[in-house]
Amino acid sequence: MCEILAPAGDEKSALAAINAGANAVYLGLKQFSARSSAENFDIESFERLVKYAHAFNVKVYVAMNTLVKTAEIEDFIFSAVSAWNAGADALIISDIFIGKYLKINYPEIVLHLSTQAGVCNVYGAKAAMSAGFSRVILSRETAFEDMREIASVIETEVFIQGALCTCFSGQCYLSSFAGGNSGNRGRCKQPCRKKYTIDRKGFEDPAYRISLSDLSVGEDINKLKEAGVYSFKIEGRMRRPEYVSAAVKYYKNILNGCMCDKDLSDLKRTFNRGNFTRGLLFGQDKSFLSSAVQGHIGEFVGRIEVKNSKYLCVSQNKFNSGDGFKILRDGKEVGGAVYVKDIKNGFEIASSSRLKNGDKVFITTDSLLNSELLNRTLKIPVNIELSFKSGKKPKIWVNGKVYEGENELSAAINSPISIEDIKKCFNKTDKYPYSVTFGKIYLDKVFVSSSELNAIRRSVFENYFNYISQNTNKRFSVKRFESAIAAGKNSKIAVICETLNGLNADVGILKPSDYLVDFNDLISNFSGEKYLYLPPFMTGKEIGLIKKKLDIFDGIYCEGIYGFELSSETKKDLFVGTGMNISNLLGVSLSVAKYVALSKELTINEAGSLATCNTFYFTCGAIKVMDLIYCPFEKKCATCDRRANYKLKDENGREFTLRRYNIDSCRFELYNCADLVSEQNFTGLLAELTLTENPDLTNGMLRNGENLRNFFRNRTQGHSVKPIL
């Protein structure tokens, strides 16, 4: 048993998914959705859709997967409980601590942990289970071996189709720090889809250097099914309904063993960025990056021939008025075109761009296909039996469920109702998506007026629809939200850097450039508390390697929720990293850790209200804005210069440092174009000096704002003063 899960950015997409045969849909409400630019649903339209979906036995999941601040918790809980009361089958939440609170106070609510939480190994899955989640939506980077292990302990949901985030899920701050709009709040401006240069030979020209092709696992979905994956998720709440329909059909047919070439063709024509990649499931493939083309390129249908100043395309395909095309030359987009007319062995197009012989033609809008996809309708089969007998109330059975009319029937003096009259009436399904067949009809010579028969039909159809779409969720009243944190102040300094030798701080967090080296040489001269920095993504194999090296450390500083289970198993103290996005008092009060770094998207005032004797606030140094679990150099290892740092430059001339590190394979981190300098004295100070190894800075200067401003000349206050959107 498995599930095809489709996106529903609006009602049209939801209906397209249902009509195409999806087993479940996921959508967002007007608040707290990671796709805030989608149309989304208010609670009234959501409740209507839930009833319709449930009539087809289709489940509806509500995505509430954004970073939530303390001032928003009451609204969040109200929205969550309201969605559940309206019939939601599960809530998709990224904040593991809000989830834990909901499960304690509203135990019947079903919770799925969002991919934004970054579950990528069995430790993260166990942390989710401990908090009350029944399903985890795995990060797109999860290795196949880990996926199989996770599926053996908890229900799993895996992305199989759609856009890929270039950054590891839940850890992207590029839109936030470079543009003020937080992806973790559902307002990503997609700076990863812009052009950049990298100061490495062969990558100096502007291109979409960190833009990824769309994911499409195709027939590998069967391997995922065999590995125990339950739910197969199609990304695309910002996509058109015809894309949703085509994607559902494509994967349904693969699972049913009846896929044809047209299914993939339909999918490409509705949306295709980069001609698709299989993702990182089995390793980075050649089509993973889409550096030459951005956006939908459709399906290749032929090449341009220029004749008498007209643009002709030799093709066996047939097209129609309203069809649109994209033209590529040497892999790069040179313009768009529209259909003009058929010609012998092809068709003519018109374009405002100057096209050349040999240019490739891709169809991006197939009007006939779109109409076909959107006109699909799914019906609910209803078999009707009736008993209309004189002196008795009419009885109608719908799929075996009996309904009785209000009034007894009278014998007909003349013009008795006929079986044909009854069938003609009950074949009218009004607004209900029924496909009617008839069983036995028991009929005396009785009189029933047309208006009375229509009223019986309307009542029966309405009651049956309410029966098959009924909301069985236990309904809750929203409890008064009460939570508190222990008062206290932390005056410690914690520093993240590549070596702890020579460091003068209370807590040293070793962030090595190579996790396979002997760490003793990097910490031997440091007398404070020693923590090992663990990135947000680690495979089970990599954790096995790291566990052998933890004896010389007091604890782990971890950017992913897997740290909770790992610290418990290894009996090492846990320092919750900024990547866990602790942004409200539930995160502070419910996280069992020695130290907690607050989210770097909080202002000083917001963070100050969460300060305790074990909290830290990121105050100065390099701002990590992305974790890349792939090679931005297309895995051209033979010609790689293997430098420690590169510069990624955008179209405005801003330079972002790209740092390489090794943990069984090359990984990369992207840092903001300006360093952070933010004065604060309300809690522990966290500094990120991975790119700035300077003993003078760490010896007593970190609490001195003037000295910091002099040292970090290219600096920003980040979100310490101005809140994120």
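The values are calculated or read from the model by the stated rules, or taken from the named source; none is laboratory data. Because the structure is a prediction, the values reported are computed rather than measured. A quick note on method: Cβ atoms are made from the backbone with ideal geometry, for glycine too, and the neighbour counts reach across all protein chains shown. SASA here: full protein model, heavy atoms, side chains in, ligands and nucleic acids out. Shrake-Rupley method; radii C 1.70, N 1.55, O 1.52, S 1.80 Å.
Miscellaneous remarks
- Boolean, Phe56 is open to solvent by 10 Å² or more (accessible area, probe 1.4 Å) and touching a strand residue (DSSP E or B) at 6+ places or on another chain (Cβ under 8 Å): yes
- Of all the numbered requirements in (1) among the polar types (S, T, N, Q); (2) touching a Lys or Arg at 6+ places or on another chain (Cβ under 6 Å); (3) open to solvent by 20 Å² or more (accessible area, probe 1.4 Å); (4) touching a residue at least 60 places away in the same chain (Cβ under 8 Å), Asn645 misses one, and that requirement is (4).
- Between Asn605, Asn681, the distinction of being in a loop (DSSP other than H, G, I, E, B) and either open to solvent by 50 Å² or more (accessible area, probe 1.4 Å) or of a type in the set (A, V, I, L, M, F, W, C) (or both) belongs to Asn681 only.
- Filter result for Phe177 (farther than 28 Å from Asn272 by Cβ, more than 12 Å from the chain's Cα centre (by Cα), of a type outside the set (Asp, Glu) and not in a loop (DSSP other than H, G, I, E, B)): yes
- Any helices (runs of 4 or more DSSP H) falling wholly within segment 539-591 and containing at least 3 residues that are over 26 Å from Tyr630 (Cα atoms) and within 29 Å of the chain's Cα centre (by Cα): 585-590
- Every condition in (1) open to solvent by less than 20 Å² (accessible area, probe 1.4 Å); (2) part of a loop (DSSP other than H, G, I, E, B); (3) more than 30 Å from Asp675 (Cβ to Cβ) holds for Gly124 except the one numbered (2).
- Residue count for segment 100-120, restricted to those that are under 19 Å from Asn581 (Cα atoms) and in a loop (DSSP other than H, G, I, E, B): 4
- Thr365 being among the β-branched types (Val, Ile, Thr), within 30 Å of Tyr52 (Cβ to Cβ), open to solvent by 60 Å² or more (accessible area, probe 1.4 Å) and touching a residue at least 40 places away in the same chain (Cβ under 8 Å): no
- Among the candidates Arg273, Arg303, Arg354, the residue that is surrounded by fewer than 18 Cβ atoms within 10 Å (Cβ to Cβ), basic (Lys, Arg) and in a loop (DSSP other than H, G, I, E, B) is uniquely Arg354.
- Segment 206-226, residues that are more than 14 Å from Ala247 (Cβ to Cβ) and of a type outside the set (D, E, K, R): Pro206, Ala207, Tyr208, Ile210, Ser211, Leu212, Ser213, Asn222, Leu224
- In segment 710-725, residue modelled with the highest pLDDT [restricted to those that are loosely packed, with under 14 Cβ neighbours inside 10 Å and either in contact with an Asp or Glu (Cβ under 9 Å, 6 or more places away or on another chain) or of a type outside the set (Lys, Arg) (or both)]: Asn714
- Met626 among the hydrophobic types (A, V, I, L, M, F, W, C) and either more than 26 Å from Ala117 (Cβ to Cβ) or open to solvent by less than 10 Å² (accessible area, probe 1.4 Å) (or both): yes
- Residue match in segment 401-413 (condition: over 30 Å from Glu108 (Cβ atoms), among the basic types (Lys, Arg) and open to solvent by 50 Å² or more (accessible area, probe 1.4 Å)): no
- Filtered residues of segment 651-675 (kept if open to solvent by 20 Å² or more (accessible area, probe 1.4 Å) and in contact (Cβ under 8 Å) with a residue 12 or more places away in the chain): Glu651, Arg654, Glu655, Arg660, Asn662, Asp664, Cys666, Cys673, Asp675
- Residues considered: Gly298, Gly324. Of these, the only one that is within 11 Å of Val361 (Cα to Cα) and either touching a helix residue (DSSP H, G or I) at 6+ places or on another chain (Cβ under 8 Å) or without any contact (Cβ under 8 Å) to a residue 12 or more places away in the chain (or both) is Gly298.
- Residue match in segment 484-501 (condition: assigned to a strand (DSSP E or B) and among the polar types (S, T, N, Q)): no
- Failed criterion for Ser387 (all others in (1) more than 36 Å from the chain's Cα centre (by Cα); (2) open to solvent by 30 Å² or more (accessible area, probe 1.4 Å); (3) polar (S, T, N, Q) hold): (2)
Residues are listed down the side, and each one gets a yes or a no for (1) within 30 Å of Leu676 (Cβ to Cβ); (2) open to solvent by 40 Å² or more (accessible area, probe 1.4 Å); (3) in contact with a Phe, Trp or Tyr (Cβ under 9 Å, 6 or more places away or on another chain); (4) not hydrophobic (A, V, I, L, M, F, W, C):
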site	(1), (2), (3), (4)
Gly439	no, no, yes, yes
Ser449	no, no, no, yes
Ala455	no, yes, no, no
Phe465	no, no, yes, no
Gln470	no, yes, no, yes
Phe476	no, no, yes, no
Gly488	yes, no, no, yes
Gly502	yes, yes, yes, yes
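- Any hit, segment 11-21, residues being of a type outside the set (Val, Ile, Thr) and surrounded by fewer than 19 Cβ atoms within 10 Å (Cβ to Cβ): yes
- Inter-residue pairs, beta-carbon under 7 Å, first in contact (Cβ under 8 Å) with a residue 24 or more places away in the chain and in segment 460-473, second assigned to a loop (DSSP other than H, G, I, E, B) and of a type in the set (D, E, K, R), 6+ apart: Phe461/Asp430
- Residues that are farther than 30 Å from Ala207 by Cβ, hydroxyl-bearing (Ser, Thr, Tyr) and touching an Asp or Glu at 6+ places or on another chain (Cβ under 6 Å) do occur in segment 353-367.
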